[in-house]
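To start, the structure under review is shown below, and the notes come after it.
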Amino acid sequence: MKILRKFTSKRNDVFLAEDENVRFVIKRYAGAEDAETEKAVYDRLQGSEVRTPRLLSSDKCELKLSYVEGVTFTELLERQERAGSPDFGPWEKLVNWLCCFYGSTGLIMGDCNLRNFILDAQGRVCGIDFEQCREGSLASMAGAVCAFVELYDPQETPLKMSVSHFLQEVFSENAGISAQKLAEETERRRRMLAERREHKMLDAAFSAVILAGGKSSRMGSCKAELPWAGKTLLEHQVDKIKAIGIRDIIVSGYSEPVAGTRYVPDVYPGKGPLGGIHAGLNAAQRGAVFVISVDAPLFSTGDIKTLLTAHLAGSSPITVAEHNGTLEPLIGVYSRSLSGAAESILQSENTSVKRLFDMVGSAACEFTDENSVRNCNTPSEYEKLRLAAELCPKQLTAE
């Protein structure tokens, strides 16, 4: 067997191979469960008119499939975009394939990326990649395909919108789904796809550091462990950061394990918040680091995204929250490259975070709601924040 090339795949290792001048695809899965799921779909499709690669053999974590030569529907869309005019014929065939697939299996494609559909040399549609198939409605799958077309880069061009509208018309005719239902599902799927892409972008750009140190002498108990909506303050902050897609989450000053985080001790203990920021910058896996104190629970997911977007749009190494002209240095974004500058300050007597602002410069992002940036150092301040959250229930959760 000779390996000819490796295909692009996010989840698996997929190769084009050749043996005695016969080409085929080897698909190796990260886990046996995905291989079993995909094989089960091929088993369901036996004897149907749904065109797919032929399953040649299977192993615990590997499938051997016939090679289908042709162009993917992403390539087709790009060609039509360059030509400036759509050919609706292949798109009608795609709708027919999807309807036939749903009718034969009762399943929907879990991944409606157009790369998973091939127009072969005879002009027939062939579907691939069934490991994420699941039960669902045909309208949902139709909306997912239309949303992918509309948001494929460059997004929402006249040609892409005309292809999406054509797809919705044919789905309506072939499957009896109302135009309103298809429009609603397409918009719902657009939001989901846009959110996933935003999450990937934020995760690629940002790490996060939660400052949970300090003696909590005025509070009288560990602030990280204070209850908040059935969890602790620390867990609440972690949930918010996870909710926007950031996966590299560092906790400073609190060493008890918290799911989805890693604890990093200060390189310079007893130096205040800058010590935690410095340790986080050293440990961060991304180029920019979102920093928030554990005791500022009302800074919402929307607020976090506003701050991160402002940082990406600017050129300053620091972007910090501001309210009524007052900077909030413990709610901000810090470039990982500032580790050295922070260390030089930590080796001096005055280790204020604002000294870092003076040294490298900073930009401010204004927040009009005082509660969103407010922290709590005493039981009375904590109760005020709890009361404010009760008046706005969404503030109690990570939504």
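Can you tell me the Rg and the Dmax, both Å, for the Cα atoms in the range 252-354?
For the range 252-354, the Cα radius of gyration and maximum Cα-Cα distance read 13.6, 37 Å.
Could you report the accessible area of residue 201 in Å², rounded to 10, computed with a 1.4 Å probe on the protein chains as they sit in the structure?
Using a 1.4 Å probe on the heavy atoms, I get roughly 90 Å².
Counting only C-alpha contacts under 8 Å and six or more residues apart, can you give the relative contact order of the chain as a whole percent?
11
Output the Cα-based Rg and Dmax of the range 1-57 in Å, rounding Rg to one decimal and Dmax to a whole number.
Gyration radius and largest Cα-Cα distance of the range 1-57: 12.6, 32 Å.
For the range 289-399, evaluate the Debye formula with one uniform point scatterer on each Cα (no solvent term) and list log10 I(q)/I(0) at q = 0.12, 0.14 Å⁻¹, rounded to two decimals.
Log10 of I(q)/I(0), two decimals: -0.45, -0.60.
Would you mind counting up the charge near residue 39? Only other residues with Cβ under 12 Å from its Cβ, with Lys and Arg at +1 and Asp and Glu at -1.
-4
Using only the Cα atoms of the range 105-260, what semi-axes does the equivalent ellipsoid have when each is the square root of 5 times a gyration tensor eigenvalue? Give whole Å, largest first.
45, 16, 15
Beyond 16 Å, what share of the Cα-Cα pairs of the range 326-388 is found? Please give it as a whole percent.
When all Cα pairs of the range 326-388 are counted, 57 percent exceed 16 Å.
When the accessible area of the range 14-145 is split by element with a 1.4 Å probe, what percent falls to carbon and sulfur?
42
Just to confirm a number: summing +1 for Lys and Arg and -1 for Asp and Glu over residues other than residue 15 whose beta-carbon lies under 9 angstrom from that of residue 15, what do you get?
Net charge in that neighbourhood comes out at +3.
Could you pull the Cα extents of the range 124-190 along its three principal axes, largest to smallest, in whole Å?
Each principal axis gives a Cα extent; for the range 124-190 these are 32, 27, 26 Å.
Based on the Cα atoms of the range 162-210, what semi-axes does the equivalent ellipsoid have, where each is the square root of 5 times one gyration tensor eigenvalue, given in whole Å with the largest first?
Result for the range 162-210: semi-axes of 35, 10, 6 Å.
Tell me which of 138, 100, 209 sits at the most positive position along the dipole axis of the chain, charges placed on C-beta atoms (Lys, Arg +1; Asp, Glu -1).
209
Counting only protein heavy atoms, what percent of the accessible surface of the range 213-344 is carbon or sulfur at a 1.4 Å probe?
Whole-percent figure for carbon plus sulfur exposure: 50.
State the volume of the convex hull built on the alpha-carbon positions of the range 40-170, expressed per residue in Å³ and rounded to an integer.
107
Rank-order 177-186, 80-89 by packing density, defined as the average count of other C-beta atoms within 10 Å over each peptide's residues, highest first.
Descending packing order for the listed peptides: 177-186, 80-89.
How big is the C-alpha Rg of the range 82-137 next to the rule-of-thumb value 2.2 N^0.38 Å, as a ratio?
Normalised Rg, Cα atoms only: 1.22.
Quick one, can you get me the convex hull of the C-alpha atoms of the chain expressed as volume per residue in Å³?
Normalising the Cα hull of the chain by residue number yields 191 Å³.
The values are calculated or read from the model by the stated rules, or taken from the named source; none is laboratory data. Keep in mind the model is a prediction, meaning the values are calculated, not measured. Neighbour counts run over all protein chains shown; Cβ positions are idealised from the backbone, glycine included. Heavy atoms of the whole protein, side chains included, go into the accessibility calculation; ligands, DNA and RNA do not. Shrake-Rupley method; radii C 1.70, N 1.55, O 1.52, S 1.80 Å.
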